[in-house]
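Working notes, structure below.
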Amino acid sequence: MAQKLLPTTVVGSYPQPDWLVKRAMLSKTVPRVRMDIWRVAPEWLEQAQDDATLLAIRDMERAGIDIITDGEIRRESYSNRFATALEGIDTEKPGYVKARSGHQTPVPRVVGKIRRTRAVEVRDMQFLRANTDRVAKITLPGPFTMSQQAKNEFYGDEEEMVMDYAIAVNAEARDLERAGADIIQLDEPWLRNDPEAAKRVAVKAINSALEGLKVPTIVHLCFGYAALVPGETKPVGYSFLPQLAQTTAQQISIEAAQPKLDLGVLADLAPKKVLLGVIDLNDPKAETAQVVAERIRAALRHMPADRLIPAPDCGMKYLPRALAFAKLKGLSEGAALVRKEL
C-alpha cells in the first residue's frame with residue numbers, strides 16, 4: 001500500500017477503446033453470461049486486449065493515480081469472466097434471475113458442484129505487474145454476488161453453494177497474490193439485493209474467500225453503475241454496511257458522490273480503511289481539483305486521513321475515455337490539495 005496520506009485509486013474498470021469493444025452493446029447491460037462484445041477477431045484478441053490494457057495503465061499513471069489496476073480491459077463485466085470459468089456452470093443454456101433493475105437477466109445455471117479448475121485472472125495480474133512499478137490491485141467477483149447472479153439447479157442448500165464459490169475465489173486470490181498483486185479486491189454489489197441472505201452467509205463467505213492472504217484486501221459495495229442506474233433512483237444509504245466491519249478485509253470500498261451518501265455511515269466502518277467514491281460518474285463534466293478536495297474534506301469530518309483512500313464511484317468503463325482520464329486527473333489533483341493542508 002502506498003505510504004502517503006490519501007493515496008488515490010480506481011475501483012477497477014477503465015474505458016475499453018471503441019476499436020476493441022461494441023460499446024453500444026455494453027451500454028445496455030452488465031453481462032452475466034458470456035457476450036460477444038469484441039470487435040477484434042479471436043486470433044488477434046489477446047494481443048489487442050494487451051495493447052488496450054497498456055493504454056489503461058498509462059492513463060492511470062499519467063493522471064497521477066497511486067494504486068492502479070489493469071482496467072479490467074479483458075472483461076465483458078466485472079464478474080462474468082471468472083464466474084463462467086468455473087466447473088459446475090452451464091453457460092450454453094442460461095437461466096434467468098431478476099436483476100436489481102427489475103429486469104429478467106440471463107445468468108449462468110449451476111448444474112454441478114462449483115469448483116475452480118484453472119487460473120482465470122493470473123495472466124492479467126502478471127501483465128499488470130510487468131508493466132507498472134506502482135501499487136497494483138486486481139479485482140475478483142465476490143462469492144455472495146456470484147451466487148445471486150446464478151440460477152441454482154443443483155444445490156439443496158443455497159449457503160453450501162455460496163461457500164463453494166468462496167473456496168473457488170480463495171484459490172484464485174492466492175494465485176493472484178503469488179502473481180504479484182499488492183492488493184486484492186472482492187466486488188460484492190449484490191449484498192444489497194438480498195440483505196437477509198447476506199446476513200446469514202455473506203460475512204462467513206467473504207472471510208473464507210480471503211483466508212490466508214497476506215496482502216491488503218478490500219470488499220467493494222455499490223448501488224449500481226451511473227450509466228445504468230440514474231442518480232435520482234439510487235438509495236442514499238446502504239442496507240448491508242455495518243456488517244462489513246465484521247469481515248477480515250482491511251478495507252471497504254463504497255460510492256458516495258453520485259448517491260450523495262450521508263457520510264455519517266463512515267463511523268460504522270471503524271477501524272477499516274475506506275475507499276470512498278468522490279467522483280460522480282453521472283456528471284458529464286470532469287470534477288475540478290477544488291470540488292474533489294471539498295468532498296475529501298467532508299469525509300475527513302467523519303474519519304482520520306490515514307483511513308481514507310479517495311476513488312471514483314464505480315463503473316468508469318462506461319465513460320468516454322477522455323472524460324475518464326480528466327476525472328482521474330481531478331481526483332489526483334484534489335487529493336494533492338488536501339494532502340498539503342494536512
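Accessible surface calculations at 1.4 Å, restricted to protein heavy atoms, place the range 253-329 at 37 Å² per residue. When Rg and the Kirkwood Rh are both derived from Cα coordinates, the Rg/Rh ratio for the range 38-171 amounts to 1.02. When the chain is treated as a Gaussian network with alpha carbon springs shorter than 10 Å, the biggest mean-square fluctuation among Gly12, Gly212, Gly102 belongs to Gly102.
Helical content of the chain, expressed as a calculated mean residue ellipticity at 222 nm, amounts to -10500 deg cm²/dmol (DSSP H runs of 4 or more residues, -39,500 (n - 2.57) each, divided by residue number, nearest 500). For the range 261-270, putting each phi into the Karplus relation 6.51 cos²θ - 1.76 cosθ + 1.60 with θ = phi - 60° gives couplings of 4, 5, 6, x, 5, 4, 4, 5, 9, 4 Hz, in residue order, rounded to whole numbers and with x for Gly and Pro. Mean-square fluctuation check for the chain, GNM, Cα pairs under 10 Å: which of Trp190, Trp19, Trp38 is largest? Of Trp190, Trp19, Trp38, the Gaussian network model singles out Trp19 as fluctuating most. Within the listed set Ala198, Ala298, Ala52, the Gaussian network model of the chain (springs between alpha-carbon atoms below 10 Å) gives the highest mean-square fluctuation for Ala298. Counting only lysines at least 8 places from Lys204 when in the same chain, those with an alpha carbon closer than 28 Å to its own are Lys98, Lys113, Lys137, Lys151, Lys214, Lys234, Lys272, Lys273. Taking every pair of alpha-carbon atoms in the range 251-313, give the share separated by more than 18 Å as a whole percent. Result for the distance tail: 26 percent. Applying a length cut-off of 27 Å (Cα extent along the axis) and a mean Kyte-Doolittle floor of -1.0 to the DSSP H helices of the chain leaves 42-63, 158-178, 321-341. In the chain the longest region clear of GluC sites (Glu not before Pro) that are loop-assigned by DSSP and have at most 15 other C-beta atoms within 10 Å covers 1-152. Each residue of the range 301-316 was assigned a 3J(HN,Hα) from its phi angle through the Karplus curve 6.51 cos²θ - 1.76 cosθ + 1.60 (θ = phi - 60°); the sequence is 6, 10, 7, x, 4, 6, 10, 9, 10, x, 8, x, 5, 8, x, 4 Hz, with glycine and proline shown as x.
At q = 0.15, 0.20 Å⁻¹ the log10 of I(q)/I(0) for the range 236-342 amounts to -0.60, -1.02, computed by Debye summation with a single uniform scatterer per C-alpha, solvent ignored.
Summarising the strand pairing of the chain, around 20 percent of its internal DSSP beta bridges are antiparallel. Rolling a 1.4 Å probe over the protein heavy atoms of the chain, with every protein chain left in place, gives an accessible area that is 51 percent carbon and sulfur.
Using DSSP to define loop residues, name the trypsin sites (Lys or Arg not before Pro) in the range 7-49 whose beta-carbon has at most 13 other beta-carbon atoms within 10 Å.
Lys28
In terms of overall dimensions, the range 136-197 has a Cα radius of gyration and Dmax of 12.8, 39 angstrom.
Rounding to the nearest 20 debye, state how big the charge dipole of the chain is about its Cα centre with +1 on each Lys and Arg Cβ and -1 on each Asp and Glu Cβ.
Details: 47 positive and 45 negative charges, 81 e Å.
Computed about the Cα centre, the dipole is about 380 debye.
Of the residues Val162, Gln185, Val274, the one whose Cα sits farthest toward the positive end of the charge dipole of the chain, with +1 on the Cβ of Lys and Arg and -1 on the Cβ of Asp and Glu, is Val274.
Sequence-distant contacts, meaning Cα pairs under 8 Å at least 6 residues apart, place the relative contact order of the chain at 19 percent.
The values are calculated or read from the model by the stated rules, or taken from the named source; none is laboratory data. No experiment lies behind these values; they were computed from the predicted model shown. Methodologically, a virtual Cβ is constructed for each residue, glycine included, from the backbone with ideal geometry; neighbour enumeration extends over all protein chains shown. Just so you know, the surface numbers come from the protein's heavy atoms only, side chains and all, with ligands and any DNA or RNA stripped out. Shrake-Rupley method; radii C 1.70, N 1.55, O 1.52, S 1.80 Å.
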